[in-house]
Amino acid sequence: MASKQSTVASFVEAAPPGELSNVVADIKALAPSEVQSLEPAFKKYNEEQYTTVKLPGSSETVLVSAYNSLGNGRYFDSASQTSFEVDHASQKASSPQQHPTDSQHADLIRSLQKSFSAAASEHFPSSTVGIFPAESHSAVALLLVANKYSPQNFWNGRWRSTYILNPSSNSLTGTIKVDVHYYEDGNVRMSTSKKVELSSGGGSAEAVVREIAKAENKFQEELNRAFTTLAEGSFKGLRRQLPVTRQRVEWEKIGGYRLGQDIGGGRTK
Amino acid sequence: MPTTSNSTELVGFALLYLIYFCGGDADLWTTLIILDDLLEILEEVDSMADPFDAALDLLRRLPPSSTQQNLTGIISLRPDLEEDLLSSVDVALTARRCPTSGRDYLCCDYNRDGNSYRSPWSNAFEPPIEPEDAAELVPGGRVRRMEESLNAGVDVYRELYYEGGVSSAYLWALDEGFAGVVLFKKTASGAGKGGWDSIHVLEVNEAATKRSAHYKLTSTVILDLGLSSSSIDNLDLAGNLTRQTQSDLSLGGFREAEVEQGHVVNIGRMVEDMETRMRNLLQEVYFGKAKDVVGDLRSIQPLSEAERDKAAHREVISKMGR
């Protein structure tokens with residue numbers, strides 16, 4: 001039997017895009033004494049979901065992840081060379097400090113920051129990207145998160161991309177994750193993920209982001225095809241829109257009949 | 001709102017307190033301090049959400065594929081909500097084999113007593129329950145006759161629409177009519193996983209004349225679809241939608257058998273209409289809405305190109321208008 005603490009933590013970690021505060025309010029109403037134990041779950045949620053925070057004293061948003069964590073609740077942003085503290089419960093940033101990029105790949109990070117931002121705005125109406133040293137500075141991580149919340153229409157969505165570029169081996173691998181929640185008189189959740197292995201196209205920042213855009217287009221086209229496959233396949237096989245006879249059931253005639261007899265309607269006399 | 005009555009009680013309590021302890025001697029300052037404390041208490045009471053509503057809201061937000069697990073988790077936090085939650089949260093149905101008829105039937109909270117379930121085919125609980133409990137829980141007379149006839153009808157309907165799967169209907173008597181539940185379950189085989197569970201809960205109020213009745217139907221469909229391929233590592237589309245409808249329908253015939261048959265026909269038609277409506281809705285939400293939201297997050301066509309196309313389109317329109 002799971003402890004109360006791990007139960008409420010699992011609720012936080014499973015919160016849909018844009019609905020963390022609603023989930024926390026529900027936990028407060030159900031188990032007020034457990035709320036104080038949620039700090040590690042908030043941190044895990046924010047780092048996994050690439051939660052965006054507004055940089056103090058700036059209009060820029062930056063994302064929070066394990067890749068830009070400095071420990072002790074502090075994170076850094078490569079673009080503005082700033083570090084900041086994050087309150088995981090309120091998702092607010094504070095105490096900014098200068099934080100020069102300390103990496104053998106500083107130049108690459110700078111040019112990827114420029115190209116990846118530009119490429120992202122070509123496909124995402126709204127997104128936040130982050131480029132950080134990864135794998136003890138042997139590689140570079142390219143992260144992207146795009147959120148679209150429409151609670152007044154009962155839906156929210158999130159797209160997350162994670163790529164690891166290894167400049168010495170020229171390898172480029174990544175994961176794309178998309179989550180959609182629709183909850184008008186119901187609860188429907190779509191979640192999908194795809195691991196990709198790409199060619200880094202020679203390793204220049206422009207080539208890398210071009211390969212990423214190509215792979216993401218391909219994934220989105222495949223996803224659209226998968227919707228059609230499910231609609232035409234599994235969904236149709238579960239319940240027909242109309243019986244084979246193309247007639248609705250004649251309930252008046254159904255009572256005295258048993259299965260196997262022809263009562264399906266559409267009979268001509 | 002349950003908090004309103006709490007608030008009223010608190011106001012009354014505080015006034016009594018003022019009169020009792022301060023009598024006529026209370027100065028204005030003391031009164032104000034007490035009133036201020038009182039207002040704070042009231043605000044706190046009002047901001048506390050009802051735990052049952054919070055549980056339902058939480059289940060509407062967390063992944064529907066883990067509803068059963070989350071329900072168990074909420075009950076472990078709040079054992080006092082167990083009965084209410086089990087009777088109002090729909091989870092995927094399970095099927096059991098009836099030992100008497102050898103046929104499968106579906107289990108839900110409405111044919112359950114402890115760990116025993118009643119088969120609609122044999123009308124007996126399995127494992128058997130105490131005779132005095134059975135006398136209360138096993139339907140007889142007209143309710144059982146209608147239940148048998150509804151099960152026969154629903155069985156035919158299931159074969160026509162589902163071409164397989166399992167169905168069950170359960171009825172029980174109410175003071176002015178009866179209530180019931182009609183259940184369907186189908187699991188997809190072949191490429192991609194899929195499961196459909198529909199749960200139709202009815203309440204039927206009969207007019208004194210038995211010439212007509214008022215039917216209230218609450219339907220939930222739980223639809224779980226999944227795909228895993230080389231181009232998409234995995235795609236999960238899971239969830240549930242609930243809709244309600246009410247209707248006054250006539251009952252033809254004067255004889256009791258005709259009235260009973262009238263109910264079965266009315267219920268059958270309402271369930272058929274509702275399922276057809278909900279199937280269209282599910283199709284729209286699962287394959288239309290989900291795809292649209294992904295398209296809102298990311299555009300396959302470069303946005304600058306899309307903007308140029310739009311501008312060109314606007315120019316054509318304005319030229320045509322000249």
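Quick notes
- Filtering the range B:215-232 to residues that are closer than 23 Å to B:LEU62 by Cβ and surrounded by 17 or more Cβ atoms within 10 Å (Cβ to Cβ) leaves B:THR218, B:SER219, B:THR220, B:VAL221, B:ILE222, B:LEU223, B:ASP224, B:LEU225, B:GLY226, B:LEU227.
- Enumeration of residues in the range A:162-195 that are in contact (Cβ under 8 Å) with a residue 24 or more places away in the chain and in contact with a helix residue (DSSP H, G or I) (Cβ under 7 Å, 6 or more places away or on another chain): A:TYR163, A:LEU165, A:PRO167, A:LEU172, A:ILE176, A:VAL178, A:VAL180, A:TYR182, A:TYR183, A:ARG189, A:THR192, A:LYS194
- Within the range B:297-317, none of the residues are part of a helix (DSSP H, G or I), in contact (Cβ under 8 Å) with a residue 12 or more places away in the chain, facing chain A (nearest Cβ under 10 Å) and touching a strand residue (DSSP E or B) at 6+ places or on another chain (Cβ under 6 Å).
- Every listed requirement among (1) touching a helix residue (DSSP H, G or I) at 6+ places or on another chain (Cβ under 6 Å); (2) in contact (Cβ under 8 Å) with a residue 40 or more places away in the chain is met by B:LEU171 save one, (2).
- Extreme residue, modelled with the lowest pLDDT, among residues of the range A:242-257 that are outside any helix (DSSP H, G or I) and within 7 Å of another protein chain (Cβ to nearest Cβ): A:TYR257
- Subset tally (residues that are out of contact with any strand residue (DSSP E or B) (no Cβ under 9 Å at 6 or more places or on another chain) and either more than 7 Å from chain B (Cβ to nearest Cβ) or not in a helix (DSSP H, G or I) (or both)) for the range A:223-241: 6
- Residue identified as within 13 Å of chain A (Cβ to nearest Cβ), without any contact (Cβ under 8 Å) to a residue 60 or more places away in the chain and more than 26 Å from A:ARG239 (Cβ to Cβ) among B:PRO139, B:PRO128, B:PRO79: B:PRO79
- Residues of the range B:143-170 that are of a type outside the set (A, V, I, L, M), open to solvent by 10 Å² or more (accessible area, probe 1.4 Å) and more than 13 Å from chain A (Cβ to nearest Cβ): B:ARG144 alone.
- When the residues of the range B:241-261 are filtered to those that are touching a Lys or Arg at 6+ places or on another chain (Cβ under 9 Å) and assigned to a helix (DSSP H, G or I), the one that is farthest from B:GLY177 (Cα to Cα) is B:ALA257.
- B:ALA179 vs. criteria more than 7 Å from chain A (Cβ to nearest Cβ) and at pLDDT below 95: no
- Set side by side, the residues B:ALA173, B:ALA95 differ, and just one is aliphatic (A, V, I, L, M), assigned to a strand (DSSP E or B), open to solvent by 50 Å² or more (accessible area, probe 1.4 Å) and in contact with a Lys or Arg (Cβ under 8 Å, 6 or more places away or on another chain), which is B:ALA95.
- Flag for A:VAL35 being in a helix (DSSP H, G or I), in contact with a helix residue (DSSP H, G or I) (Cβ under 7 Å, 6 or more places away or on another chain) and modelled with pLDDT under 95: yes
The values are calculated or read from the model by the stated rules, or taken from the named source; none is laboratory data. Please read these numbers as outputs of a predicted model, since none were measured by experiment. Don't worry about glycine lacking a Cβ; one is built from the backbone with ideal geometry, like all the others, and counts go over all protein chains shown. Only protein heavy atoms, including side chains, enter the accessible area calculation; ligands, DNA and RNA are left aside. Shrake-Rupley method; radii C 1.70, N 1.55, O 1.52, S 1.80 Å.
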